[in-house]
1. What residue, among those in the stretch 79-124 that are hydroxyl-bearing (Ser, Thr, Tyr) and out of contact with any helix residue (DSSP H, G or I) (no Cβ under 8 Å at 6 or more places or on another chain), is nearest to Phe59 (Cα to Cα)?
2. Condition check: surrounded by 15 or more Cβ atoms within 10 Å (Cβ to Cβ), part of a helix (DSSP H, G or I) and either of a type outside the set (D, E, K, R) or modelled with pLDDT under 95 (or both). Does Ala10 satisfy that?
3. State yes or no: is Thr77 closer than 15 Å to Leu138 by Cα and assigned to a strand (DSSP E or B)?
4. Using beta carbons and a limit of 9 Å, which pairs, at least six apart or on different chains, have the first residue in the stretch 84-105 and in contact (Cβ under 8 Å) with a residue 60 or more places away in the chain and among the polar types (S, T, N, Q) and the second one part of a helix (DSSP H, G or I) and surrounded by 14 or more Cβ atoms within 10 Å (Cβ to Cβ)?
5. So for the stretch 67-89 (the condition being aromatic (Phe, Trp, Tyr) and closer than 15 Å to Arg144 by Cβ), does at least one residue qualify?
Amino acid sequence: MMLCRRGLLALPVAVAAGSVAAQSTWYAVRGPGNAFFVDMPGEPVYKVIDTKSPGGTAFTYHSYSLEYRRLSFVAQTALLPADIDLRQPRSYLQSVLDDRAQRLAGGKWTSVNWRDMQGVPAAESIGSVPGGSVLRQLVLLKGRRFVSLAYLAPADAQRTPEADRFFGSLRLGA
């Protein structure tokens, strides 16, 4: 899916641009139109990514990225256009996972945990990235609103207080 590829491909570039010195001040990120709220351990770099659905409809992808010490945080969202079939939300989220897995070591996730989160379908996944890092992500769908949180870290930092706070702070809005 073009949406997924552009979103994940933007991760290294956006993270590199969002480098900050070590700090302890957390920043409350508010998605467009209060779509979501999430805490990050510093002020992220905000980028707008113009993309197209597989059917050719243009739409905007919003990305907030931050590199903190040796940890990378990304929160992304898009209001998906009507030509993307969302009648089966889990199927759509699975297609996102499948697309992103292509860039993982071995081409698959180490673990995927399906659940409802704040009343909407969600999947949290973990996978190794070539080079020894680990990608932890959460994807969810609220109506036509897609939200993705991603955390990239060395394998020994897969679970940190910063990562737990980042994922645990997500609140869906309007």
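The values are calculated or read from the model by the stated rules, or taken from the named source; none is laboratory data. Just so it is clear, the structure is predicted and the values come from calculations on it, not from any experiment. All Cβ positions, glycine included, derive from the backbone under ideal geometry; neighbour counts span all protein chains shown.
1. The residue in question is Tyr92.
2. yes
3. For Thr77, the condition - closer than 15 Å to Leu138 by Cα and assigned to a strand (DSSP E or B) - is met.
4. Ser95/Cys4
5. Within the stretch 67-89, the first condition is being aromatic (Phe, Trp, Tyr), and the residues that meet it are 68, 73.
After this cut, where a residue has to be closer than 15 Å to Arg144 by Cβ as well, the list is none.
No, the stretch 67-89 contains no residue that is aromatic (Phe, Trp, Tyr) and closer than 15 Å to Arg144 by Cβ.
Yes/no per residue for (1) out of contact with any Phe, Trp or Tyr (no Cβ under 6 Å at 6 or more places or on another chain); (2) at pLDDT below 95; (3) at positive phi; (4) aromatic (Phe, Trp, Tyr):
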position	(1), (2), (3), (4)
Ser95	yes, yes, no, no
Gly106	yes, yes, yes, no
Trp109	yes, no, no, yes
Asn113	yes, no, no, no
Ala123	no, no, no, no
Gly131	yes, yes, yes, no
